[in-house]
1. Quote the charge dipole size of chain A about the Cα centre in Debye, to the nearest 20; the model charges only the Cβ of Lys and Arg (+1) and of Asp and Glu (-1).
2. For chain A, what does the helix formula give at 222 nm: sum of -39500 (n - 2.57) over DSSP H segments with n ≥ 4, over the residue count, nearest 500 deg cm²/dmol?
3. Which loop-located trypsin sites (Lys or Arg not before Pro) does segment A:251-312 contain, where loop means any DSSP state but H, G, I, E or B and the Cβ has at most 14 other Cβ atoms within 10 Å?
4. Let's see if you can work this out: charge +1 on each Lys and Arg Cβ, -1 on each Asp and Glu Cβ, no other charges. What is the dipole magnitude of segment A:57-209 about its Cα centre, in debye to the nearest 20?
5. Going by how many other beta carbons lie within 10 Å of each one, how would you line up A:VAL105, A:VAL193, fewest first?
6. GluC sites (Glu not before Pro) within segment A:241-350: which are DSSP loop residues with at most 13 other Cβ atoms inside 10 Å?
7. Can you give the charge dipole size of segment B:114-159 about its Cα centre, rounded to the nearest 20 debye, using +1 on the beta carbon of Lys and Arg and -1 on the beta carbon of Asp and Glu?
8. Just to be sure I follow: if Rg is taken over the C-alpha atoms of segment A:49-186 and Rh is the Kirkwood radius over the same atoms, what is Rg/Rh?
Amino acid sequence: MILSAMLRVKMAWARPTGPRHEVVLSSRVRLARNLRSRPFPLRAQPADLAAVLKDSFAAAVASPSTAQAARVRLEDVDAVDREFLVERRLASRLLTETPVARGVVVGDREVLSVMVNEEDHLRLQGVDSGLCLEDLHAAVSRADDELGERLDVAYHPEWGFLTACPTNVGTGLRASALVHLPGLALTGQVNGVLQRLGAAGLIARGHYGEGTKVLGDFYQVSNARSLGPTEAELVKSVSDHVETLVRGETKARTELVRGLGKTRLEDMVFRAVGSLEHARLMTYEEAMQHLSAVRLGLSLGWELPTDLTTVNELTVLAQPGHVQMLAGKELDGPDRDFLRATLLRGKLQN
Amino acid sequence: MLCARCKKAQATFIVKVIVDNQVTETHLCLPCADAEGASAMPPAVAGLLSLLGAVPPPPKAAPARCASCGLRWTEFKKTGILGCVSCYDSFAEPLKGLLKEMQGAVKHAGKASPNAKRSLDAKRRTDETASLKRRLDEALRREAYEDAAKLRDQLKKLKSP
Ligand SMILES: [Zn+2]
């Protein structure tokens, strides 16, 4: 139904059209909100949760920004569909582990969505391609104002929007960008760069596999504070620091293709293409490594048998839940690796 | 290692954050790490929990639990998650210290919620009505009928905007 249809719809953020898309895959802005009259979800009774879900869905239908959005009650969909929503960043583990009276509202192209009864009653989020935090914030904030007209949102004159965890109180805002930093990683600069971000009050997280190597050199950069600065100041600070990262990464890539390193880089990228085109079994970790290398080659303008949209989508589609969604059933590890390799081969050859 | 958030899946994410030159690490599974990135913030939560260890318990006069939802301060110290909106009042004092430490600020400067704006507008209207009424009484006492008529018009406008 809705979810299988979503599998065919392209995620807005996968298009390589956003600003700085060679380095920034996607931007995300989320706002945490709660209703005054109900305990926060983790302490709420089932009747409270049901009331929050009902009121939130009703408010979503009545708000222009979310009126056309799909509303999914997690208890109405099966385990594979729930896993799919998690990997699509539309639901969290917290929602899917206890699906009763939890829900998601998913807007057009999955740009705007709302999780209901996560850690907070409402988690509004906007995700789109490239570095576009300001625009996303404007859209999410508008949806928030519209919902706020229809719901009794908890707000404190001193402390702003009240959230279940005090780390989110105030603006309830988290602005983040998913960046791809293979150049900085290959030139050994990535740790220093990330440390400087930490010192500037930002948070950088890597995606690690079994060992200490970051999977695919993808990092998420976000603001650390939520109280004090205005929403616009927080968004601008993240945006400015990501711009600096983009400049550093671009410079590193230029250095890599100059001189002796070029052949080593070509070898890495074309081996990755070969594996993706020919392997019969592939784990998620290996797939991410190869996709990262291919993405680097493409962003350097090399002729490769694929394009950025496909590679961006494959970083999502190669995840275990998505592979199972394609199969339409739960799969064991080896079956998943086989199906994943088949999927990657197919996508790279057309 | 198991994920620190759901405690079910294998952790594949190591979240490192530097707070005051101290590196803290949190181990998470991919969906939790992603949910946190999309929503909450594990490093901040880790920082919060370590801060909570150092924050003195609420003073004796303050309640040990929230009057509205029953959450104990000791429970909050363990999870970092409050129970309800009233917890912010019940534990106002220790939370203020915590927010100052953690966020570096205790005053929200961003936008207000529509309902807060509405109640602010309502308050402004009540205040203004009271002041106009006072001036009207005074004008009538002075027998300044022209002023009084103007004030009456303003009052009428305020009542039906
Ligand atoms: Zn409470």
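All of the numbers you see were taken from the coordinates with simple rules; none came from a lab. This one's a predicted model, so the numbers in the text were calculated from it and none came from an experiment. We place every Cβ from the backbone using ideal geometry, glycine too, and count neighbours over all the protein chains shown.
1. About 400 debye.
2. -15000 deg cm²/dmol
3. Numbers: sites: A:LYS251, A:ARG253, A:ARG258, A:LYS262, A:ARG264, A:ARG271, A:ARG280, A:ARG295; in loops: A:ARG258, A:ARG280.
Those satisfying the criteria are A:ARG258, A:ARG280.
4. 460
5. On the way: A:VAL105 26, A:VAL193 18.
Ordered by Cβ neighbours within 10 Å, fewest first: A:VAL193, A:VAL105.
6. A:GLU303
7. Numbers: 15 positive and 9 negative charges, 63 e Å.
So the dipole magnitude of segment B:114-159 works out to roughly 300 debye.
8. Result: Rg/Rh = 0.98.
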